[in-house]
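Peer 1: Input: one structure, supplied below.
The values are calculated or read from the model by the stated rules, or taken from the named source; none is laboratory data. This one's a predicted model, so the numbers in the text were calculated from it and none came from an experiment. No Cβ is skipped: glycine too gets one built from the backbone with ideal geometry, and neighbour counts run over all protein chains shown.
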Amino acid sequence: MFEERTYSVTEFNRMIKGYIEDNPNLKEFFLEGELSGVTYYKSGHLYFNLKDKEAQIKCVAFKYKFKRIAEDLKDGDSVKLFGDVGFYENRGDFQVLVRHIEKKNMLGDMFAKLEELKKEMEKKGYFSSLYKKPLPNYPRNIGVVTAITGAAVQDIIKTVKKRDNTINIYVYPAKVQGVGSSDEIVRGIEVLNQIPEIDMIIAGRGGGSIEDLWAFNEEKTAMAFFNSEKPIISAVGHEIDNLLTDLVADVRAATPTQAVELSVPERKRSIEGLEDRERYLNTLMKNILNKKRKELESRENNYYIKSFSKVIEEKNSVLVERERRLQQAITYYIEGKRNSLENKIQRLITLNPLKTLERGYSVVSKAGVSIKSVDDLEIGEEIDIRLNDGSISGRVEKIIKI
């Protein structure tokens, strides 16, 4: 026979709660679905619904910050959560108590494609230091590509004016996250490159989720940075290793504020540095002048400089004496050579065979060869006899040897 059971609401809810909490299948499980009704409360709790095509369930993450749950979840995100079933007895609410939640593999696919793109661009040399342009030492005009309503543009302007209020800032307002953001960033870089007076460009934004920053991981954005004719800084606030624009830009800054700190010298310090340099150069010049003055004074007191005319006179006397001695030596040398020449001439005159012929001697030759002995002749040979005033031809008739 059917037994009638009647419960109070409290009793019934307590029974359901006990059943749920004692069921091991409703503890420590994973659940996948799409977020809707995402609400972050100041109390530190996160409420949302998790749904698929046919059903939905209420979820809550108490003190989500302590659970290190992201603060950028939004309706439509596909997620995978880990938790337990809970039953709120007072209201009879059935819900999932979330311990952890993460977005599904959408980002994993994006990162995989990004890594492939990085490898390809690195292979082509887009990350090489050979293409990094140096920043100007003292920029006078800076171009900025960022959201006009974001904190980044205010930080940049504030920091630039604080460091050097004489610098001009050209801001190209661009959408920096979401659909179309890459195209606007690219356009901004191209426009600022066409302004001749701009010395350098800062392009970036403040921090955010990786999805918010993804425009700076797009290939078209990175190529705009790489192709910039003016030096460009990638200034995106984030904690991940490197965005694609960080790798191709001439300089990478961790935040827009740091980009200014890296590129804009403090005017006050620059002036102080120039003044210090001026004082150093003045001191150096004074020391050089003092040294040269002392050298000049030392030379003025030098014996040779003070007695210059006397020294010249002494040197002139020495020169005159040397000239006189040289002239005597030349005269003696010439006289000696003349006497030697006359002696040689006299000897030649004395030894001249013609002089011998004048004294009655004669020279006998045969066929042009002088005869020095009767042994050189034979009877019947023709001979020539040279006398002082002529010659005689004859034949040997008789030879008498002494």
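Peer 1: Which condition breaks for G273 when tested against (1) part of a helix (DSSP H, G or I); (2) small (G, A, S); (3) surrounded by 15 or more Cβ atoms within 10 Å (Cβ to Cβ)?
Peer 2: Only one criterion is unmet by G273, namely (3).
Peer 1: Going residue by residue through the stretch 330-352, is there one that turns out to be surrounded by 11 or more Cβ atoms within 10 Å (Cβ to Cβ), at pLDDT below 80, more than 30 Å from L296 (Cβ to Cβ) and not aromatic (F, W, Y)? Step through it out loud before you land on a result.
Peer 2: Keep residues of the stretch 330-352 that are surrounded by 11 or more Cβ atoms within 10 Å (Cβ to Cβ), which gives 352.
Filter once more, keeping what is at pLDDT below 80: 352.
If we keep only those that are more than 30 Å from L296 (Cβ to Cβ) as well, we get 352.
Now restrict to residues that are not aromatic (F, W, Y): 352.
There is at least one residue in the stretch 330-352 that is surrounded by 11 or more Cβ atoms within 10 Å (Cβ to Cβ), at pLDDT below 80, more than 30 Å from L296 (Cβ to Cβ) and not aromatic (F, W, Y).
Peer 1: If you don't mind, another one. For residues in the stretch 124-139 being of a type outside the set (S, T, N, Q) and outside any loop (DSSP other than H, G, I, E, B), which is nearest to D250 (Cα to Cα)? It would help to see each step written out before you state the result.
Peer 2: Residues of the stretch 124-139 of a type outside the set (S, T, N, Q): 124-127, 130-136, 138-139.
Adding the requirement that they be outside any loop (DSSP other than H, G, I, E, B) leaves 130-131.
On the way: L130: 10, Y131: 8 Å.
Going through the qualifying residues, I end up with Y131.
Peer 1: Select from the stretch 141-156 the residues that are aliphatic (A, V, I, L, M) and under 29 Å from the mean Cα position of the chain (by Cα) and write down the one among them that is surrounded by the fewest Cβ atoms within 10 Å (Cβ to Cβ).
Peer 2: Within the stretch 141-156, the first condition is being aliphatic (A, V, I, L, M), and the residues that meet it are 142, 144-145, 147-148, 151-153, 156.
Cutting the leftovers down to under 29 Å from the mean Cα position of the chain (by Cα) gives us 142, 144-145, 156.
Working: I142: 27, V144: 28, V145: 28, I156: 24.
The extreme case among them is I156.
Peer 1: Answer yes if at least one residue in the stretch 179-195 is over 23 Å from L114 (Cα atoms) and part of a loop (DSSP other than H, G, I, E, B), and no otherwise.
Peer 2: For the stretch 179-195, residues over 23 Å from L114 (Cα atoms) and part of a loop (DSSP other than H, G, I, E, B): present.
Peer 1: Same structure again: One residue is enough: does the stretch 248-263 have a residue meeting the conditions surrounded by fewer than 24 Cβ atoms within 10 Å (Cβ to Cβ), charged (D, E, K, R), modelled with pLDDT of 85 or more and in contact with a Lys or Arg (Cβ under 9 Å, 6 or more places away or on another chain)?
Peer 2: yes
Peer 1: On the basis of being touching a strand residue (DSSP E or B) at 6+ places or on another chain (Cβ under 7 Å), surrounded by 12 or more Cβ atoms within 10 Å (Cβ to Cβ), modelled with pLDDT of 85 or more and of a type in the set (F, W, Y), does F94 make the cut?
Peer 2: Here the answer is yes, as F94 does meet what is asked.
Peer 1: Are any residues in the stretch 1-40 touching a residue at least 24 places away in the same chain (Cβ under 8 Å), in contact with a helix residue (DSSP H, G or I) (Cβ under 9 Å, 6 or more places away or on another chain) and surrounded by fewer than 14 Cβ atoms within 10 Å (Cβ to Cβ), and if so, which ones?
Peer 2: K27
Peer 1: Identify, by number, the condition in (1) in contact with a strand residue (DSSP E or B) (Cβ under 7 Å, 6 or more places away or on another chain); (2) of a type in the set (A, V, I, L, M, F, W, C); (3) assigned to a helix (DSSP H, G or I) that V144 doesn't meet.
Peer 2: (3)
Peer 1: Which condition breaks for E211 when tested against (1) of a type outside the set (S, T, Y); (2) under 18 Å from A259 (Cα atoms); (3) at pLDDT below 95?
Peer 2: If we test E211 against (1) of a type outside the set (S, T, Y); (2) under 18 Å from A259 (Cα atoms); (3) at pLDDT below 95, just (2) comes out false.
Peer 1: Given the options K175, K133, name the one that is modelled with pLDDT of 95 or more and basic (K, R). If you could, list the steps in order and put the result at the bottom.
Peer 2: Numbers: K175 fails: modelled with pLDDT of 95 or more.
On inspection, the qualifying residue turns out to be K133.
Peer 1: Could you grab the pairs with beta carbons closer than 7 Å, sequence gap of 6+ or different chains, first residue in the stretch 48-68 and touching a residue at least 24 places away in the same chain (Cβ under 8 Å), second one part of a strand (DSSP E or B) and basic (K, R)?
Peer 2: K67/R99
Peer 1: So I167 passes all but one of these: (1) in the same structural domain as T245 (by TED's automatic domain parsing); (2) under 25 Å from the mean Cα position of the chain (by Cα). Which condition number does it fail?
Peer 2: (2)
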